[in-house]
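Undergrad: Mind looking over this structure? Questions follow.
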Amino acid sequence: MKITFILPAIGKKPGQKYIGTWKMEPLTIAVLKALTPETVKTEFFDDRIELIDYNTKTDLVCITVETYTARRSYGIAQRFREKGIPVLMGGYHVALCPEEAGEHADSIIIGNGETVWKNVLQDLKEGRLKPVYHGGIGAYDVCPDKSIFAGKRYLPVSLVETGRGCCHGCEFCSISAFYGSRYFCRDHRLILEDIRASRHKYTFLVDDNLLADRENALRLFEDITPCKIKWAGQGTLSVARDEKLLKAMKKSGCEIILIGFESLDRENLRQMNKSFNDTIGERDELVKRIHDAGIGIYATFVFGYDNDDERTIEDAVEFSKKHKFYTAAFNHLLPFPGTRLYDRLERENRLLYDKWWLEEGYRYGELAFRPARLSPEKLSRLCRDARKEFSSPKTVLSRGLASFGRTSPLLWGLFWQMNLRLGEEIDMKMNVPIGGNLDELPK
Ligand code: B12
Ligand code: SF4
């Protein structure tokens, strides 16, 4: 028996090179590989970096689907299904849009793969795959098998999962839609095992909110300290209020923390149900404490809430420049299916497409709804301009100099590589057609 795993790209511009940044090892595939007995042959195509062989002889094609990659996933699935090869799909998009995904696959899995993979393989062997498998959420107890990445070139960063879900309930977030404000921490013994098996000096701790459970985070930082790794992960600004946690985090090797500021505007934060980020008055001080602790910040912002206009976007860029963040993302708001944001915009009759992720001609960077104070085109342009401004040579230079000493020398070296490249790629990434031209897929 042979199984073919596929990670689809968002899309590709006709005739252009793929976008270069953020090509990390996809942990999802390594987890599925680890669950698969050695007697079953496996292969893996990462559509972001290589061509898919549609003539491969295989018994099952497994595709992991995100909303951005749904259109392309369905196109890829069709090619295999035309040849009589069954397709199984999983991932957050499938979990949040099971009916839609079910129309493009022979079988789908909602939730975790760990709990049902054995049954899937048995059913496949007996030729009676079920249309739906419910994997549930919560406990997961497997160490990924990264041998499936052999021969592929990824960023030299090891991904180690520490938790799934999040305690918060931000209106726009797929994680909050799927997990319903619940957080599941992973067994620390498995985390340590993964770290010991890692090949790279740098580790990305994969978690939607590493700090969701304070006591667990504190123990985790203590447990991983002896491993002497350098790591980056996702957290919240509130860590700066907790001196003990901040110290433990740094001691355990934290170099960069990704913080979703999202907006600096109180009304916007209220509307997105992220008032826990309403640190107006103390925000500068909290940022300073994190920097003083020797941790760089990857700041993310989202624009398109009802109080957003040119001024709020400018404020976010100025704030990011003032604090000389290691890096920052300025994204426009996007109504992901299954989120409360999607439902609200639908109710308010503000969606420009019923399903933007399936819309032919929909492009990365394009708005999919009508913002309250700006035209969709203008907001898209302002996000691009914000990225350009933050990545201008002058800003990169001043941020780079400030980062010296704030992070380790190796991460400082990475700063230049990453920020200069991100600047170059802004326009390459803008307007990538979602799904790409499916006719360009090799037959
Ligand atoms: C790490 C990460 C990234 C990394 C990418 C890593 C990489 N491999 O290259 C970076 C930082 C680059 C990134 C980028 C983006 N990301 Co991201 N990312 C994540 C994160 C935090 C972890 C993913 C992961 O490795 N999980 C661990 C694995 C083991 O879990 P898993 O994927 O859920 O798989 C399990 C099950 O879902 C299931 N399963 C999944 N697929 C399949 C398939 C089959 C066949 C089967 C049987 C089972 C199965 O079984 C697995 C084992 O239980 C997730 C959130 C999360 N907790 O998953 C967001 C997440 C996937 N990202 C998200 C988004 C929006 C993005 C961006 C679009 C952000 C942006 N605005 O630019 C970009 C672009 C993504 C792209 N496709 O190019 C969203 C997707 C939402 C959605 N509805 O699709 C998520 C869910 C975060 C969120 N808060 O909503 N991301
Ligand atoms: S804090 Fe982050 S992961 Fe948690 S619900 Fe909000 S956006 Fe989602």
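The values are calculated or read from the model by the stated rules, or taken from the named source; none is laboratory data. The structure presented is a predicted model; accordingly, all values stated were derived computationally and were not measured. Cβ atoms come from the backbone with ideal geometry, glycine included; neighbour counts cover every protein chain shown. Ligands, DNA and RNA are stripped out before the accessible areas are found, and what is left, the full protein with its side chains, is counted by its heavy atoms. Shrake-Rupley method; radii C 1.70, N 1.55, O 1.52, S 1.80 Å.
Undergrad: Let's see if you can work this out: charge +1 on each Lys and Arg Cβ, -1 on each Asp and Glu Cβ, no other charges. What is the dipole magnitude of segment 2-139 about its Cα centre, in debye to the nearest 20?
TA: The calculation lands at about 340 debye.
Undergrad: Give me the percent relative contact order of the chain, please, defined on Cα pairs under 8 angstrom at least 6 residues apart. Let's see the in-between values first.
TA: Details: 827 pairs, mean separation 71.0, N = 443.
Rounded, it is 16 percent for the chain.
Undergrad: Taking a ≥ b ≥ c as the square roots of the eigenvalues of the Cα gyration tensor of segment 103-227, is the shape rounded (a/c under 1.5), prolate (a/b larger than b/c) or oblate? Spell out each step's value before the answer.
TA: Details: a/c = 2.04, a/b = 1.32, b/c = 1.55.
Since a/c reaches 1.5 but b/c is at least a/b, the shape of segment 103-227 is classed as oblate.
Undergrad: Expected output is a single nm value to one decimal: the length gained when fully extending between residue 182 and residue 153, i.e. 0.36 nm times separation in residues minus the C-alpha distance. What is it?
TA: So the chain would gain 7.0 nm between residue 182 and residue 153.
Undergrad: By residue number, which cysteines of the chain lack any other Cys whose Cβ falls under 4.7 Å from their Cβ?
TA: That list is 62, 97, 143, 166, 167, 185, 227, 254, 383.
Undergrad: Same structure again: Order 392, 275 by their accessible area, 1.4 angstrom probe, all chains in place, largest first.
TA: 275, 392
Undergrad: At residue 353 and residue 41, where each label point lies 7 Å from the Cα along Cα→Cβ, what is the point-to-point distance in nanometres?
TA: Here the modelled spin labels are 3.8 nm apart.
Undergrad: Using alpha-carbon positions, what is the distance between the centroids of segment 105-133 and segment 300-341, in Å?
TA: First find each Cα centre; the distance between them is then 39 Å.
Undergrad: Run the reach check for residue 118 against lysines, Cα to Cα strictly under 16 Å, same-chain hits fewer than 8 apart removed. What comes back?
TA: Filter leaves 2, 33, 41, 130.
Undergrad: In vacuo Debye scattering of segment 2-139, one point per C-alpha: log10 I(q)/I(0) at q = 0.08, 0.13, 0.18, 0.21 Å⁻¹?
TA: -0.19, -0.52, -1.03, -1.44
Undergrad: Also, quick follow-up: Nearest 0.05, what FRET efficiency do residue 385 and residue 57 give at R0 = 41 Å with Cβ-Cβ as r? Walk me through the numbers on the way to the answer.
TA: Working: r = 49 Å, r/R0 = 1.21.
It comes to 0.25.
Undergrad: With θ set to phi - 60°, apply the Karplus curve 6.51 cos²θ - 1.76 cosθ + 1.60 along segment 397-407 and write out the HN-Hα couplings as whole Hz, x wherever there is a Gly or Pro.
TA: 4, 5, 5, x, 5, 5, 6, 4, x, 6, 10
Undergrad: Looking at the square roots a ≥ b ≥ c of the eigenvalues of the Cα gyration tensor of segment 156-407, which shape do they give, rounded for a/c under 1.5, prolate if a/b is larger than b/c, or oblate?
TA: Prolate, because a/c is 1.5 or more and a/b exceeds b/c.
Undergrad: Residue 366: accessible area at probe 1.4 Å, nearest 10 Å²?
TA: Residue 366 has an accessible surface of roughly 50 Å² with all protein chains in place.
Undergrad: Rounded to the nearest 20 Debye, what is the dipole magnitude of the chain about its Cα centre when Lys and Arg each give +1 and Asp and Glu each give -1 at the C-beta?
TA: Roughly 1160 debye for the chain.
Undergrad: For residue 81 paired with residue 126, estimate the spin-label separation in nm (one decimal), with each label point 7 Å from Cα along the Cα-to-Cβ line.
TA: Taking the two extended label points, one gets 2.4 nm.
Undergrad: Could you calculate the contour length gain from residue 103 to residue 219, that is, 0.36 nm times the residue separation minus the distance between their Cα atoms, to one decimal place in nm?
TA: Length gained between residue 103 and residue 219: 37.3 nm.
Undergrad: Considering only DSSP beta bridges whose two residues both sit in segment 156-407, what percent are antiparallel, to the nearest 5?
TA: 15
Undergrad: To the nearest 10 Å², what's residue 46's accessible area with a 1.4 Å probe?
TA: 0
Undergrad: Work out, in µm²/s and without decimals, the Stokes-Einstein translational diffusion coefficient of the chain at 10 °C, 1.306 mPa s, Rh from Kirkwood over C-alpha pairs.
TA: It comes out at roughly 70 µm²/s.
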